[in-house]
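The values are calculated or read from the model by the stated rules, or taken from the named source; none is laboratory data. Predicted model only: the values in this text are computed from it and were never measured. Methodologically, a virtual Cβ is constructed for each residue, glycine included, from the backbone with ideal geometry; neighbour enumeration extends over all protein chains shown. Remember, those area values only see protein heavy atoms, side chains included, never the ligands or the DNA or RNA. Shrake-Rupley method; radii C 1.70, N 1.55, O 1.52, S 1.80 Å.
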Amino acid sequence: MARRAPYAADPAASRGRFHAEPESATRSPFRRDADRIIHSTAFRRLKHKTQVFVFHEGDHYRTRLTHTLEVTQIGRALGRTLGLDEDLVEALALAHDLGHPPFGHAGERALDACLADFGGFDHNAQTLRTVTATERRHPEFDGLNLCWETLEGIVKHNGPLTDPEGQPTGKYQESGVPQTIADFSATFDLALWSHASAEAQAAAIADDIAYDAHDLDDGLRAELFDISDLAGLPVLGGLLREVRDQYPGIEPPRLTYELVRRLIGRLIEDVVGESARRLGAAAPTSADEVRAAGAPMVGFSALMVGVDRAIKEFLWTNMYRHPRVVRVMEEAEVVVRDLFARYFVSPQDMPPEWGEGLQALDASWRARQVADFIAGMTDRFALQEHGRLFPKP
């Protein structure tokens, strides 16, 4: 077993669960959290939720589930090397996309617009809502009753949400902390002003690595751009030359795989080296010292931050804004907006367990319940529901 670093989260010192439960005789609290997430309904639905390509475009493109598994693998590799608690890294990686609605960011944009008068839609807040409320499996409480450390990591994996005085920061500076997060933290304080554990930071950077490498892979597979278009990107251009020099005449699919494999390796090596440097300089002796460090302890070097930015800018221009993708995503936004409008005025069109009594609730509660229902949909089910409620003549 890998050596546990002094700054790793200690399952034996967990701050506990919102609802007290007996401890397991065979599994740590963080291991139980990972297992609960794997067995949840929301996790299974990731199989039919897409990121860029809608499900009917092909079986070889990544879904939220395959992306999540890739993030988990990279996260555990980082956690193992840095001496972190691998089970907590895994739990956070497995949970990180549970709140995403169907059709990726297009679905999120559409729901955010639908909820503009009711606090908006934030996939991070929806993940918290999923694991604390909408999963209804236990006879004594709603949600999965995850540990404080897992909930903290879900909410704060990209950094603090407020300053020490409680004022929203970062992307929440203008809109405010989502009400779901604020309300939950008021009853089970997630210390929104501090950074999360090193495990949460490892899961977050693993998400970036997976996105960079695998969206390039999917974009090449979909022929949205050519591999020669990557030659001008930092690091990628050098890796491409390395592979071609080592394997002259290599077949295009093998070239793509080898390029992606080497990119992942280079990004992981950079994170390990940079994180070891930061941790060595700060010398935290506990997970709480990592939280109070005032800056992330796990991340890319300054050089690789630029590489990551260049890859994301390339993908934004050549993939996410490609006319083929934009057309499909615009159609997907219409589906989500139509469903929300219909369910909001006619909640009886939802299944009884969702729609019964909803008409009597005030508009804000009704809107949030409708959003919960839509956010849980797979792409396939959303399209089926739209076809049922809005049949073509």
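Roughly how many percent of the accessible protein surface of the chain is carbon and sulfur, given a 1.4 Å probe and a whole-percent answer?
Values: 9440 of 17960 Å².
In the chain, the share of accessible area belonging to carbon and sulfur is 53 percent.
Report Rg/Rh for region 227-287, rounded to two decimals, where Rg is the Cα radius of gyration and Rh the Kirkwood radius.
Rg/Rh: 1.21.
Determine, from the Cβ-Cβ distance of ALA282 and GLN173 and an R0 of 30 Å, the FRET efficiency 1/(1 + (r/R0)^6), rounded to the nearest 0.05.
Details: r = 26 Å, r/R0 = 0.88.
Computed FRET efficiency for ALA282 and GLN173: 0.70.
Could you tally the net charge around SER301, taking each other residue with its Cβ under 12 Å from the Cβ of SER301, Lys/Arg +1 and Asp/Glu -1?
Details: positive: ARG266, ARG277, ARG278; negative: GLU269, ASP270, GLU274, ASP308.
Summing Lys and Arg as +1 and Asp and Glu as -1 gives -1.
Suppose we look only past 24 Å in the calculated P(r) of region 269-393. What percent of the Cα-Cα pairs does that tail hold?
Result for the distance tail: 58 percent.
Excluding ligands and nucleic acids, what accessible area in Å² is computed for PHE381 using a 1.4 Å probe, to the nearest 10?
Spelled out: PHE381, probe radius 1.4 Å, area about 70 Å².
Around ARG337, what is the net charge, scoring Lys/Arg as +1 and Asp/Glu as -1 over all other residues with Cβ under 12 Å from its Cβ?
Result for the local shell: -3.
Step by step: find N for the chain, compute 2.2 N^0.38 Å, then divide the Cα radius of gyration by it. What's the final number?
Rounded to two decimals, the normalised Rg is 1.01.
Using a 1.4 Å probe on the protein heavy atoms only, what accessible surface does THR63 show? Give it in Å² to the nearest 10.
30 Å²
Could you tell me the distance between the Cα centroids of region 91-115 and region 302-332, to the nearest Å?
17 Å
With n ≥ 4 as the cut-off for DSSP H runs, can you work out [θ] at 222 nm for the chain, using -39500 (n - 2.57) per run divided by the number of residues, rounded to the nearest 500?
-17500 deg cm²/dmol
What is the set of long-range amide H partners of HIS96 at a cut-off below 5 Å, with H atoms built 1.01 Å from backbone N?
Distant-sequence amide H within range of HIS96: zero hits.
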